[in-house]
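Participant: One structure, pasted below without further comment.
Every number in this text was worked out from the coordinates using simple rules, so none of it is lab data. What you are looking at is a predicted structure, and each value in this text was computed from that prediction instead of being measured. Cβ coordinates were reconstructed from backbone atoms using ideal geometry, including for glycine residues, and neighbour counts include every protein chain displayed.
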Amino acid sequence: MKLAIATHLDESDTRVFANHARTGEWCISGGFEFSNWSQGDLVGKARQAFSNGWIGLDTGGRVTFVAVTAVEPVEIERLTDQLAQHFVTYYGAPDIDAARPVAAEEIAHMADLCDEHEDGTLLTVARELTDAGVRESYRAIQPQQAELDQFAVHGSLDE
């Protein structure tokens, strides 16, 4: 199974998001945060988070790029519980047991998105408000394939 971790190519996320995710923390789309938003909510750093921010599951911060990587089943369980607690704390879910199926669905959605890509693939998200709600689209940037001889030193230790 695969999920995605926050990746920073530069320090711009620290300036464009009100709260930025830490490098290496597990992330999901987090579009649920914007389910009741209108055009009037799309200002400043909130607009940036809406437009292209993945949500980090540890910090609740946003990040522009995530990288696909393998995840262990035990980690999936921990992340599901962590997200369920987030729903209770910030979104009014009655308790963790009620929130867990929704959290599991969010994690599964991200796993489905990641499973079709090789490790190291960078993903971006783009959102727009429509009459039907928030629409998300994703872009994958494949890892660069380097030739082995670009890094290997040829020769013999006996020479």
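Participant: May I ask you to list the residues in segment 2-47 that are at positive phi, surrounded by fewer than 18 Cβ atoms within 10 Å (Cβ to Cβ) and touching a strand residue (DSSP E or B) at 6+ places or on another chain (Cβ under 7 Å)? First the steps, then the outcome.
Facilitator: If we filter segment 2-47 for residues that are at positive phi, which is where we start, we get 24, 30, 44.
Next, only the ones that are surrounded by fewer than 18 Cβ atoms within 10 Å (Cβ to Cβ) stay: 24, 44.
Residue satisfying the conditions is Gly24 alone.
Participant: Checking the condition loosely packed, with under 15 Cβ neighbours inside 10 Å and over 11 Å from the mean Cα position of the chain (by Cα), which residue from Ala99, Ala70, Ala104 passes?
Facilitator: Ala70
Participant: Out of all the residues in segment 9-48, which are of a type in the set (Phe, Trp, Tyr) and either in a loop (DSSP other than H, G, I, E, B) or more than 26 Å from Val68 (Cβ to Cβ) (or both)? Please lay out each step first, then the result.
Facilitator: Applying the first criterion (of a type in the set (Phe, Trp, Tyr)) to segment 9-48 yields 17, 26, 32, 34, 37.
The answer is Phe17, Trp37.
Participant: Across segment 42-64, what is the total count of residues that are among the hydrophobic types (A, V, I, L, M, F, W, C) and closer than 14 Å to Ile28 by Cβ?
Facilitator: First pass over segment 42-64, keeping only residues among the hydrophobic types (A, V, I, L, M, F, W, C): 42-43, 46, 49-50, 54-55, 57, 63.
Narrowing the set further to residues that are closer than 14 Å to Ile28 by Cβ leaves 49, 54-55, 57, 63.
The qualifying residues number 5.
Participant: Within segment 57-79, how many residues are among the β-branched types (Val, Ile, Thr), out of contact with any His (no Cβ under 8 Å at 6 or more places or on another chain) and closer than 12 Å to Ala111 by Cα?
Facilitator: Selection size over segment 57-79: 3.
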